[in-house]
Every structure is written in structure tokens, then in C-alpha cells.
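For reference, the structure discussed in these notes is given below.
Please treat every number below as a calculation from the coordinates, not as lab data. None of the values given here were measured: they were computed from a predicted structure. Reconstructed Cβ throughout: ideal geometry from the backbone, glycine too, with neighbour counts over all protein chains shown.
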Amino acid sequence: MIQTTTCRLFCIFWLLILASCATRIIPADFVADDETRPARQAFVVTVFTDDTETGRQMMAAIEDRGYSNPGNQILDTPNNEFNIKWGAAPNEMVDELCALVEESLGHELVRYEMFAPDDHDIFLNLPVCLLGGASRPESCKPREKIDPRFDRQGIPQACGLEDVEVRWGAIAPGVEVILGRHRAEIGDRNWVPEMDHFVGQRTRVRELFGSDAAGCPVVMVEIDDGEWFWRVRDMRLAAQVSTPGPPDEPIPTDCGMTDSTVEYGPIALYTEVILGRHTKWNGDDNWNDQMEPYVGKRTRVVDLSGTDEAGCAVVQVDIDSHQWYWRVRDMRLPEVSADTGYFPQECDLMSDEAVYGAARIGAKVRLGRHRKWDGDANWVPEMEHHVGKIGRVTQHLGTDASGCPVIRVDTDNGEWAWRVRDLSPP
């Protein structure tokens, strides 16, 4: 009798263990739907995560829901934010995937509708080792608090620092810089809309302040009279930023250049480009297979990074969170017809979600009177004089108070912010 009882307890114990091992992070109310499975199969899901086991479990849950495209993949290069990026996927699918991930991992996904309207890729970024939620935390590799790396201009990129740990690199009082929009650091952007006006403008560093709440080095500058703290890692040295050529200038395809002689052609900071796979120059293609999912994607240039080891001009872009260096020679500008130029109509966007379409830096556009969005036209009578005129885009400003992407043009000497949605081809 004792042996039988012991045996039963032993069996129950192992059944519980097996059930536990077989458990996956799939909410109970998510089951495959045969009627909508073909629509889901048309979308290619890429999961970026720093924990392989979490990636496998999450992909299994996603494919059980019907997203079983053969091109699905798991990559180990996430950035530092839980987010989802898509193009053609309808809102219902985005909502569905967000609910699946958020219920499983306990993190809300930041949403970026940033791919082309016909792009069937869906990117899920899940940095569970960095920010929590890994299925087996013990498998996560320890991360160092201090990252001493600098970019090619000598600007420090590390956050998570105390004031005494800050290293300033090429940044010093009096140095001329070009201000950039802050990237998120563990969900913290340290940003207010009032700073949008200064993005892309030249100014001089006024004071080295220390680090902000996320441990990112910050400075005060002259252009805003020291009102805001600007993160060093998101600015560029003005002396090393080239002036873009005319938009019809061909993209340079030669290599063998140096950082001091590099040419970017029509590409400048915040220019929209379409990424291409690198072609070899003297046998060197400067390529990593982790870059493959971004090929063919539209994105914005956030850093003119000089040259690589083969002397090819390279840049960094926002779609991969500045992770890779992309060769200029293998990218292209979005094709825009002069008669049917694409000017995005969406508003209610954050500044870092702004998409400018045909209104790329240097492009000629025809100015239009602003239509109201939720009752707001962002309009003053002084702008009326310029309606119908053709101007060249000089700056991307992010979004206005209604979340509509806005630009500056040379027609009014950059005085007013013009909504992209109301522009038309020249």
C-alpha cells in the first residue's frame, strides 16, 4: 500500500514537471482561425529578441494564430524598446499581435507604422533580457552598465551613466553641432514638443551638464538660450556634415574615399532612402546577415558616418535604431512621379513617427493651404501669400500640435511650418 501511494505521488510529480516544460506563453483566448489563416500567412513576421527561448515561444504563439509564413524568422539583434513596425498589415492584425505579445510578456509595444503601404513585413522588437520578460532570465548574458563606444565623429553613445562616469569625446563648449531628435533609452526620450523646432539646426555647445534621468550625457546650447537639455548621442558635429547636392544628382557609387573626402550626393541628414544589399568593392561587401530584413525598406538617414574600411560612404538610419552602417552606393531614393507624388495624409503622429514621402530634403513642392485636422488648421493669414508657389524643402520638422508632419521651404525663407499632407507636386 505504501509502495503504491509512493508510486502514484512519484507519477503525479513527473506529470506536473512535463506539463510545466510543455507550457508555452500563449494566452488561452488566442487560437488559430482557419477562415482568416490565409490572410495572416501573407505577412512575414520577424522577431528580434535577446533571448532565444523567448523568441521560439513567441514565434510558436504567433504561428499558432495563423501567421505561419515560411519567411518568418527570429534574430538576436533587438534595440532597447519593445515595439512593433509594419506597413500593409491592417489595424486588426496589429492589435491582435500587440495583445498577444503584451499579455505574454507584460510589456506594452510602441507602434510604428513606418513601412511602405504594400510592405507585408511585421517586425516585433522584444528586448526581454534588457528590459525584463525573458522566459529563462538565467540564460540572458550579463550586460555592462557602461558602454564606452563612440561614433565615428567621436561623440559618446553610452547611457546608463552617473555624472562622474560621463566621457564627452569630441563635444566641448563652443563646438558647433547639429541638433537631433532624441532616441528612446529604455523607454525614456527626455523630449518635449517645443524642442522639435530646433531639430536639424546648427548651434554651439554652451555648457556640459552631466547626465539625465536615463544616464545619457546632456548639454545646453546657444540656439534655445540654454532652455533644454540636449542628448549628446543624438547630435552631429557641424564641421563634418556635408551639404546635400541637388535631388536629381546621382548617388555616388565609387569607394576608395576617406572621411575627409567622402561624398554623399543628394543624401543628407533625415533624407528618406530605400536600403539595398551591399555589393562588393574589391571583394569587401561590409555585410552582416542580420541586415537582410531591412533590405528594400524605406527609412530616414540619421547620421552621415564617413567611410568604411573599403572607403565607401556609409550612413546610419532610424529603422534599425542606428545599429548598422549602410553603404550609400547601394541605396536609392524613393521613386516619386512629378505628377503623382506621394504626400502622406496621416496626422496624430509623434514627431519621430513623421513620414514625408515626396517631400524629401531638396525636393521641389507646391505649397497648399492647410486643411483642418480635428478642427486645427495650423494656419495664419500671412501664409496665404505663398499658397500655390513652388519651394524647395530645406528641413523636416517632425509634427505639429495635431501630429501632422511639417517641413520648412526656401520660398518663405523658412518662416512657416508647412503641412506635408497639403503639398502637391511642382
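A compact table of results
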| quantity | calculated |
| --- | --- |
| Mean separation of Cα contacts under 8 Å, 6 or more apart, over the residue count of the range 296-426: relative contact order % | 22 |
| Net charge over other residues, Cβ less than 9 angstrom from the Cβ of Gly226 (K, R count +1; D, E count -1) | -4 |
| Pairwise label distance in nanometres, Ala42 with Glu249, each label 7 Å out on the Cα-Cβ vector | 4.1 |
| Debye log10 I(q)/I(0) for the range 63-131, one point scatterer per Cα, at q = 0.14, 0.16, 0.21 Å⁻¹ | -0.42, -0.55, -0.98 |
| Contact order normalised by residue count of the range 85-131, Cα under 8 Å, 6+ apart, percent | 60 |
| Net charge of Cβ neighbours under 11 Å - reference Glu176; Lys, Arg +1; Asp, Glu -1 | +2 |
| Euclidean distance of C-alpha centroids, the range 172-231 and the range 373-420, integer Å | 24 |
| Neighbour net charge for Arg202 - beta-carbon separation under 12 angstrom, K R +1, D E -1 | 0 |
